[in-house]
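*Asks:* Pasting a structure below so you can have a look.
What follows draws every value from the coordinates through simple rules; no lab data is involved. Since the structure is predicted, the reported quantities are computational estimates derived from the model, not experimental observations. No Cβ is skipped: glycine too gets one built from the backbone with ideal geometry, and neighbour counts run over all protein chains shown.
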Amino acid sequence: MRFVPIIALLGTACGLAATYAAGPAAIAGAAGSAAGKAAGKAARVYDSTKRLLVPATSETPTFGSDAPVFRYAAIQRGSIEQTVTVTGALQPVKTIEVGSQLSGQLARVYVDFNDTVSKDQPLALIDPRSFAAKVDEAKAALAVSDSLVDIERAKLDRARIDLQNAKGSREVLVAKLDSAQAVKASAQKTLQRKLALQSQNVVATSTVDDAQTEFTARVAQEREAEVMMSLNAYSVDGAQADVRRIEAELDQARMAVPEKAAVLAAAQADLDRTVIRSPIDGVVVGRFVNEGQTLAVGLESRATFLVAHRLEDMEIHAQVDEADIGRIAAGQRAHFTVDAYPDRRFEAAVRQVRKAPQNQQHVVTYTVVLSTSNLDGALLPGMTALVKIVIEQQDDVLKVPLAALRFQPSGARADASPGRSGVWLRTASGALQRVPVTVGAAGTEQVALKSGELVEGNQVAVGQAIRPAGMEILGIRFGS
């Protein structure tokens, strides 16, 4: 029996709600046209909004009217960043294509993708047998060249000895010539003395004849010594010519030695190149050959491996539009996200602004290189990064949502002052009051307040929705 009044009260409320809900329809039907209905609804919205833009009164809202519902956001204090948003690809700081200068069959491949390598570590081996044979051939040619040098040096020593012998013989011949000349002079004196004695009839004619014969022999002996001197001079000149010839041959043999040594060094270098080595410390991010594959090197060396240097340090090559490039400078801070970790923010810094323009379909962009750290290895080469480069940052400032600056309530008169910003503040009575403000740096969702009558915690309107006014009993809404 105690529940009867409550049930009766609920029944009465439901009846009133049904009557209230049917009221606008009955009124609209009495108006006699759909245009009258729409005009009446718009007028009620305007009146309801207008009442909220002035201080609250004691007027009681009428059931069945459309009441505007505003969405609010609080004024906050903190830091704000003005950014330029660009996209780019993550790359290692240094990437080297390791190629082969030789043609041949790969006997061994020592590394695979993602292997960590150190400088000069072997990556692959080309069959070295033919190159080793060329090294042996070059060594033999060098040994022959060294032997030829030794032979020519021995010849030169022999030629020099012959020259010394010729010069020594000349001295002997000179002595013989001197002796022959002395003997000749003695024989001549003897002949002259015998002739003088013969004129005095002291000596016999035979004695004079013997003296004459002796003198003639000594003259012949002198002439022989002179001829031997002439022949010795030719021998000395010939020996000297042989020395000069052999010295030239020795120089030629000596010059052949470096040539053969260079051939050996080239063959040794080719043999060393059969081992393809890593030029840097890094990680193998590309492998383009397999064991047993034949490399045919033409005018360009073929890439066999791709080695990235230190994936702990990476860089982003971002394309910045020409309209924004004037605000980008080296050293600016940036942060970015990648699709693999959408909830994680990575830090970066502008390292270089390249002055080489790129024109694609009449759109001019410039490459901006940003450096970032990748100590945990989360970032991989080739990932697309959404980068926000911080152009300006202001700390400890009041921030208001950009939507509050764009918001204009229905029925409110727009401010005709050009270039003047304002927000709609929610007063203590629940009404809206427009407050002029001056803004500073703008972020993606908020803007800094430079001046105005707002304080931290103020509620400003950011949007409006029209909700039919109804009646609510015990938390249950009727008429909407």
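*Asks:* What are the lysines whose alpha-carbon lies under 29 Å from the alpha-carbon of K194, with same-chain residues fewer than 8 places away excluded?
*Replies:* Answer for K194, where 29 Å is the Cα cut-off: K176, K184, listed by chain and number.
*Asks:* Among the lysines, select those whose C-alpha is under 29 Å from the C-alpha of K94, and discard any that sit fewer than 8 residues away in the same chain.
*Replies:* K119, K355, K388
*Asks:* Could you please tell me the mean projected area of the C-alpha convex hull for region 248-290, averaged over all directions and given in square nanometres to one decimal?
*Replies:* Details: hull surface 18.5 nm².
With the hull built on Cα positions only, its mean projection is 4.6 nm².
*Asks:* Tell me, in nm to one decimal, what length is gained between T216 and R277 on full extension, where the rule is 0.36 nm per residue of separation less the Cα-Cα distance?
*Replies:* Working: separation 61, 0.36 × 61 = 21.96 nm, distance 9.26 nm.
That works out to 12.7 nm of additional length.
*Asks:* Another question, then. Which of the aspartates and glutamates could be linked to K155 by a straight reach, that is with a Cα gap under 12 Å, when you skip same-chain ones fewer than 8 residues away?
*Replies:* Straight-line reach from K155, under 12 Å: D242, E247, E249.
*Asks:* Let me ask something additional. If I model a spin label at S169 and M255 as a point 7 Å from the Cα along the Cα→Cβ vector, what separation in nanometres do I get?
*Replies:* 3.3
*Asks:* Using 0.36 nm per residue of separation minus the Cα-Cα distance, give me the extension gain between Q293 and T384 in nm, one decimal. Mind dumping the intermediate values first?
*Replies:* Values: separation 91, 0.36 × 91 = 32.76 nm, distance 3.42 nm.
Roughly 29.3 nm would be gained on extension.
*Asks:* Given R₀ = 51 Å, what would the calculated FRET efficiency be for D157 paired with E97, taking r from the Cβ atoms and rounding to 0.05? The partial results should precede the final answer.
*Replies:* Numbers: r = 57 Å, r/R0 = 1.12.
Using R0 = 51 Å, I get an efficiency of 0.35.
*Asks:* I've got another one for you. Based on the Cβ-Cβ distance from Q240 to D178, what FRET efficiency comes out when R0 is 22 Å, to the nearest 0.05?
*Replies:* Working: r = 24 Å, r/R0 = 1.11.
With a Förster radius of 22 Å, E is 0.35.
*Asks:* Restricting to Cα pairs below 8 Å that are 6+ residues apart, what does the relative contact order work out to for region 131-272? Please round to a whole percent.
*Replies:* Working: 114 pairs, mean separation 76.5, N = 142.
Value for region 131-272: 54 percent.
*Asks:* While we're on this one: Can you work out the PRE-style zone for V144? Point 7 Å along Cα to Cβ, and I want the residues of region 217-251 with backbone N under 18 Å.
*Replies:* Answer for this model: 250.
*Asks:* Full extension from A329 to V435: what is 0.36 nm times the residue separation minus their Cα-Cα distance, to one decimal in nm?
*Replies:* Working: separation 106, 0.36 × 106 = 38.16 nm, distance 3.68 nm.
Here the segment from A329 to V435 would lengthen by 34.5 nm.
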